[in-house]
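Reading through the structure tokens given below for one structure.
The values are calculated or read from the model by the stated rules, or taken from the named source; none is laboratory data. Values in this document were obtained by computation on a predicted structure and should not be read as measured data. Please note: Cβ atoms are built from the backbone with ideal geometry, for glycine as well, and neighbour counts cover all protein chains shown.
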Amino acid sequence: MAVRVERPNGKKGQRAIVISDIHANLKAFIELLKKVDFSEQDILILLGDIVEKGESSLDMLHYVMELKKTHNVYAVCGNCDAIAMEVLKDTRNEDLLKYILLRKQTLVGEMCRAAGAKLNRDTDMGKVKKELRERYKEELSFICELPHIIEIGQYVFAHAAVYPGRMEEMKPSQAMKADDFMNQGYHFEKYHVVGHWPTSLYCKEIPDCNPRIDKENKIISIDGGNVLKRDGQLNALIIPDLFENEVTFTYVDQLRKAKVLNTQEAGEKSFCIPWTDSLVELLRTEKDFTYCEHISSGNKMWIPNSYLCEDRDGWHTEDISDYQIPLTYGDIVSVSEVTSRGYLVKKNGVIGWYYGMLEFLPEGEE
């Protein structure tokens, strides 16, 4: 299948809101649209992975389909969205069944449950697929018709990557799945905006979930790790004019908010351990923390026990850092972890440890 490129007409001065990797987090998506005051005059561009991994894949898909009928909504297909296309194939039935049974939160799994299909190892997935094709014809058609690349004005949009000089020759898989795109050495004349790879994975010392904007090479990466990370966020890139190069951004998260009661200076030195290089050696455990050595770098830090898990090759950690974040009395932060040693918090998209006192705000208050 050839890559599909869509080139909608854009008006000079028309604002665009770009959101990526919603992952079925309908609540955050609605909250973010409200925060940016999205209206019928704007263009909304969704960079794929609309569904999967979150709690509301089917509702999320239906919401976007309805929104597209009344507003200027354009979306590209992400690698997670493309999983639903397996329903249209007469092959790989066992693979799809295993996928659904291993993961509770999937679009096809939700479709099966809504259709009353009982799934187990002996399920005839070929028969189930036929039922889903009939029942969800409109939804499957919507996903199948999604382009892989959108180009408007001075911007090119894709879920994971667009390679220079050969946009039309790319394979769909290349546009939908490409890790670490910002570090692959590409330079563009127009801004290329992608998601897929959480922006915090680009951080070596201070974890930051905000969009990363490379003005020199004209690449913007906006996946804030929503749903995938405990302290992730759903980012919105705001382009005031698609024919100009100015951008801003904002985000939402579902973390509890609290007021900082003690001023704290930034730590002198820190480092991040990403899930892509997460092998550690356990050295000493105290209460809810274990002192660990990061195998590849030799750096050592205290890691919450809840972040550690054992695999065949040893112990691994979720994304973690020992960064001590600077805070001032009265700051409002998002709190992702409460531990015996302190709080793991986020301010303006930056994540770090806080060792003072907090006053938690009522639910829903910021």
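Residues that are under 17 Å from the mean Cα position of the chain (by Cα), in a loop (DSSP other than H, G, I, E, B) and of a type in the set (A, V, I, L, M, F, W, C) within the stretch 198-211 comprise Cys203, Cys209, listed in sequence order. Scanning the stretch 267-288 for residues that are under 15 Å from Ile206 (Cα atoms) and exposed (fewer than 13 other Cβ atoms within 10 Å of the Cβ) turns up Glu268, Lys269. Count of the stretch 274-326 residues, restricted to those that are of a type in the set (Phe, Trp, Tyr) and touching a His at 6+ places or on another chain (Cβ under 6 Å), is 0.
Summed over the stretch 172-197, the residues that are within 16 Å of Gly48 (Cα to Cα) and surrounded by fewer than 23 Cβ atoms within 10 Å (Cβ to Cβ) give a count of 7. Scanning the stretch 282-290 turns up no residue that is touching a strand residue (DSSP E or B) at 6+ places or on another chain (Cβ under 7 Å) and closer than 23 Å to Gly225 by Cα. Residue count for the stretch 246-265, restricted to those that are surrounded by 13 or more Cβ atoms within 10 Å (Cβ to Cβ) and not in a strand (DSSP E or B): 5.
Restricting Glu52, Glu66, Glu110 to residues that are at pLDDT 95 or above and out of contact with any helix residue (DSSP H, G or I) (no Cβ under 8 Å at 6 or more places or on another chain) narrows the list to Glu66. Residues that are surrounded by 11 or more Cβ atoms within 10 Å (Cβ to Cβ) and more than 19 Å from Tyr355 (Cβ to Cβ) within the stretch 297-308 comprise Ser297, Asn299, Leu308, listed in sequence order. Would it be correct to say that Leu132 is in contact with a strand residue (DSSP E or B) (Cβ under 9 Å, 6 or more places away or on another chain) and part of a helix (DSSP H, G or I)? No; evaluated as a whole, the condition is false for this residue. Of everything in the stretch 268-286 that's part of a loop (DSSP other than H, G, I, E, B) and at pLDDT 95 or above, which residue is farthest from the chain's Cα centre (by Cα)? Only one residue fits best here, namely Ser270. Just the residues that are over 15 Å from Asp81 (Cβ atoms), within 18 Å of the chain's Cα centre (by Cα) and in a loop (DSSP other than H, G, I, E, B), please, taken from the stretch 171-197. Of everything in the stretch 171-197, those that are over 15 Å from Asp81 (Cβ atoms), within 18 Å of the chain's Cα centre (by Cα) and in a loop (DSSP other than H, G, I, E, B) turn out to be Ala178, Asp179, Asp180, Trp197. Which one of these does Glu365 not meet: (1) closer than 30 Å to Asp179 by Cα; (2) exposed (fewer than 14 other Cβ atoms within 10 Å of the Cβ)? For Glu365, the failing item is (1). For the stretch 353-362, the criterion of being crowded, with 18+ Cβ neighbours inside 10 Å, touching a residue at least 12 places away in the same chain (Cβ under 8 Å) and more than 23 Å from Phe289 (Cα to Cα) is met by none of the residues.
Selection over the stretch 332-364 of residues that are of a type outside the set (Val, Ile, Thr) and in a loop (DSSP other than H, G, I, E, B) gives a count of 12.
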